[in-house]
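The values are calculated or read from the model by the stated rules, or taken from the named source; none is laboratory data. For clarity, every value in this text was computed on a predicted model and none was experimentally measured. Here Cβ is always computed from backbone atoms with ideal geometry, including for glycine, and neighbour counts include all displayed protein chains.
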Amino acid sequence: MKILLAGSGGREHALAWKMSQSDLCDKMWAAPGNPGIAQHAECLDIQADDIEGVIGFAKDNGVDLLVVGPEDPLAAGIADVAREAGILCFGPCAKGARIEADKAYAKELMRSAAVPTAEARIFTDLDSAKKYVLSRDHGVAVKASGLAKGKGVIVCPEPYQAVQPLEDIMGKRIFGDAGEKVLIEEMLTGQEGTVLALCDGKSIFVLEPLQDHKPIGDGDTGPNTGGMGAYSPVPIIDAAMMRGIEREILVPIVDAMRRDFGRYEGVLYAGLIFTPAGPKVIEFNCRFGDPECQPLMMRIKGDFLAAMVAVAEHKLDGVSLWFDPRPSVCVVMASGGYPGSYEKGFEITGIDDADAMEDVKVFHAGTSEIDGKLVNNGGRVLGVTALGDTIAEAKKRAYQAVEKISWKGCYYRKDIADKAIAAT
Ligand code: AMP
Ligand code: GLY
């Protein structure tokens, strides 16, 4: 099969690495890819959100399957255009991507399906929103309803702290039109977890749970990032809980989407908080998480490309995938200064040594090659991922690999997976 992968992050490198292991993969291209993805695919000078460019290339080159990594092209309808052109696509239609791109819609869908989620009110008027938060006596989470590059959520333990973010999002429109509507949610407390499911519009296949680490600093301090590390499985999510999440969250929401617009074809990401009253959804995403995809792909056994094709062909019920029982840990190495401003262009050394370690894989995110040298070119630069017999072993191995890699100013959290180690 000829595969075209849209995207350029660590998530896409993990997907390219996994898909390239399949006998079904004859040729892979990436739009635009990165130096890590280039080990498995031919990288094209086409951006992932250039729908015309991606689909034009796919048509001209007989692409059989388009795999879409990020949310923006999905929300803009790339999967619809691919399917109209007769190309199989792993990724939901624009109506399906609304579950991530329109949080007000997602909240209404959850309500209609009685999916447990944080209580929320939706506002389009700044003064009413401010009045509402000032009437609250518990913490709130302010959320821009549209896509805001993962930065549109501000958690405010004291309700008055929500006033400034509301002014920024609704008044100053710091996230543009994404701030036209805002959700004000009750602030939930508890550990977070991620559960992903492959969906073909009829059946779902639930994948092993993960936990992300959003804040930049050790001990979950400092501003939120796209994710500084992740691990799988999650000791606090046992098999009974997973069954409950499937029954009470994933199946009802997929049914609600089918009633609303039809098939959701791709992966559905449920971001959960495990409250004393049970798991509640804080977000759905229409794609794999980044970095969650990296430790997930390390554990997946079986032909993952075949499973992606099965999703696109609505044959998910015949899929056979299983998981390495060994836990995996991914430590994200970032440019110094991220998530604020940072300098690019420093040479990265040590990746080959780290990659040569047993059960270690270094996934590229924000790297680029300049004059034959690999340099940092983004906020999150590498996802150093390892398997181990225990979660503590996986963490140890991941950090041993991390220590072999360096560039000027590189930064990483030192405590990825500590919550899991404490719970085992
Ligand atoms: P998101 O961008 O939707 O992933 O949200 C970013 C982070 O905000 C999440 O990982 C949570 O830590 C936090 N968050 C979102 N919604 C809530 C909520 N209702 N209560 C507490 N924390 C939340
Ligand atoms: N790591 C969180 C996300 O991909 O949304």
Cβ contacts < 7 Å: first residue within 16 Å of ILE282 (Cα to Cα), restricted to region 130-157; second residue within 10 Å of ligand 1 (Cβ to nearest atom) and of a type in the set (Asp, Glu), any location; separation 6+ or different chain. Result?
VAL140/GLU185; VAL140/GLU186; ALA141/GLU185; LYS143/GLU185
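For region 195-219: of the residues being part of a strand (DSSP E or B) and within 21 Å of TYR412 (Cα to Cα), which is farthest from the chain's Cα centre (by Cα)?
As a first pass, look at region 195-219 and keep what is part of a strand (DSSP E or B): 195-200, 204-206, 210-212, 215-217.
Subset that is within 21 Å of TYR412 (Cα to Cα): 210-212, 215-217.
Numbers: LEU210: 11, GLN211: 11, ASP212: 9, PRO215: 15, ILE216: 17, GLY217: 20 Å.
Per the criteria, the residue is GLY217.
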Would you mind stating whether LYS419 is in a helix (DSSP H, G or I), among the basic types (Lys, Arg), within 19 Å of GLY289 (Cβ to Cβ) and touching a residue at least 24 places away in the same chain (Cβ under 8 Å)?
yes
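Could you please let me know if GLY176 is on the phi < 0 side of the Ramachandran plot and not hydroxyl-bearing (Ser, Thr, Tyr)?
no
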Given (1) within 17 Å of ASP218 (Cβ to Cβ); (2) in contact (Cβ under 8 Å) with a residue 24 or more places away in the chain; (3) out of contact with any helix residue (DSSP H, G or I) (no Cβ under 8 Å at 6 or more places or on another chain), identify the lone condition not met by GLU403.
(2)
Expected output for region 198-218 (first residue within 16 Å of ligand 1 (Cβ to nearest atom), partner among the hydrophobic types (A, V, I, L, M, F, W, C), Cβ below 6 Å, 6+ apart or cross-chain) is PRO209/VAL195; PRO209/VAL234; PRO209/ILE237; LEU210/ALA230; GLN211/VAL234; ASP212/ALA230; HIS213/MET228; HIS213/ILE416
I'd like to verify a number: residues in region 212-238 that are over 17 Å from LEU382 (Cα atoms) and touching a helix residue (DSSP H, G or I) at 6+ places or on another chain (Cβ under 7 Å), how many?
4
Scan of region 17-67 for residues that are of a type in the set (Asp, Glu) and within 16 Å of PHE90 (Cα to Cα), ordered by number
ASP49, ASP64
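Inspect region 306-323 for any residue being closer than 21 Å to GLY150 by Cβ and either more than 21 Å from the chain's Cα centre (by Cα) or at pLDDT 95 or above (or both) and give the result as yes or no.
Initially, region 306-323 is screened for residues closer than 21 Å to GLY150 by Cβ, giving none.
Checked region 306-323: no residue is closer than 21 Å to GLY150 by Cβ and either more than 21 Å from the chain's Cα centre (by Cα) or at pLDDT 95 or above (or both).
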Before we move on, is GLY409 assigned to a loop (DSSP other than H, G, I, E, B) and at positive phi?
yes
Name the pairs whose Cβ atoms lie under 8 Å apart, with the first residue in region 265-287 and farther than 29 Å from LYS315 by Cβ, the second away from ligand 2 (no atom under 14 Å from the Cβ) and among the acidic types (Asp, Glu), and 6 or more positions between them or separate chains?
ILE282/GLU185
How about region 366-381: which of its residues are charged (D, E, K, R) and without any contact (Cβ under 8 Å) to a residue 60 or more places away in the chain?
ASP371, LYS373
When region 273-297 is examined, which residues are found to be within 13 Å of the chain's Cα centre (by Cα), within 12 Å of ligand 1 (Cβ to nearest atom) and not small (Gly, Ala, Ser)?
GLU283, PHE284, ASN285, ASP290, GLU292
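If only one of ARG11, ARG98 is in contact with a Pro (Cβ under 8 Å, 6 or more places away or on another chain) and within 23 Å of VAL153 (Cα to Cα), which one is it? It would help to see each step written out before you state the result.
Values: ARG98 fails: in contact with a Pro (Cβ under 8 Å, 6 or more places away or on another chain).
Unique residue meeting the criteria: ARG11.
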Among (1) modelled with pLDDT under 95; (2) within 16 Å of ligand 2 (Cβ to nearest atom), where does VAL234 come up short?
(1)
Within the set of pairs 6 or more residues apart or between chains, which connect a residue that is at pLDDT 95 or above inside region 334-359 to a residue that is surrounded by fewer than 18 Cβ atoms within 10 Å (Cβ to Cβ) and assigned to a helix (DSSP H, G or I) with Cβ atoms less than 9 Å apart?
ALA354/GLN400; MET357/GLN400
LEU305: passes all of (1) among the hydrophobic types (A, V, I, L, M, F, W, C); (2) out of contact with any Ser or Thr (no Cβ under 6 Å at 6 or more places or on another chain); (3) surrounded by 14 or more Cβ atoms within 10 Å (Cβ to Cβ) but (2)
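Looking at region 149-192, which of the residues that are part of a loop (DSSP other than H, G, I, E, B) and among the β-branched types (Val, Ile, Thr) is nearest to ligand 1 (Cβ to nearest atom)? Before you say what the answer is, go through the steps one by one.
As a first pass, look at region 149-192 and keep what is part of a loop (DSSP other than H, G, I, E, B): 149-152, 157-158, 172-175, 180-181, 187-190.
Now narrow it down to the ones that are among the β-branched types (Val, Ile, Thr): 174, 189.
Details: ILE174: 15, THR189: 7 Å.
Applying the filter and picking the extreme gives THR189.
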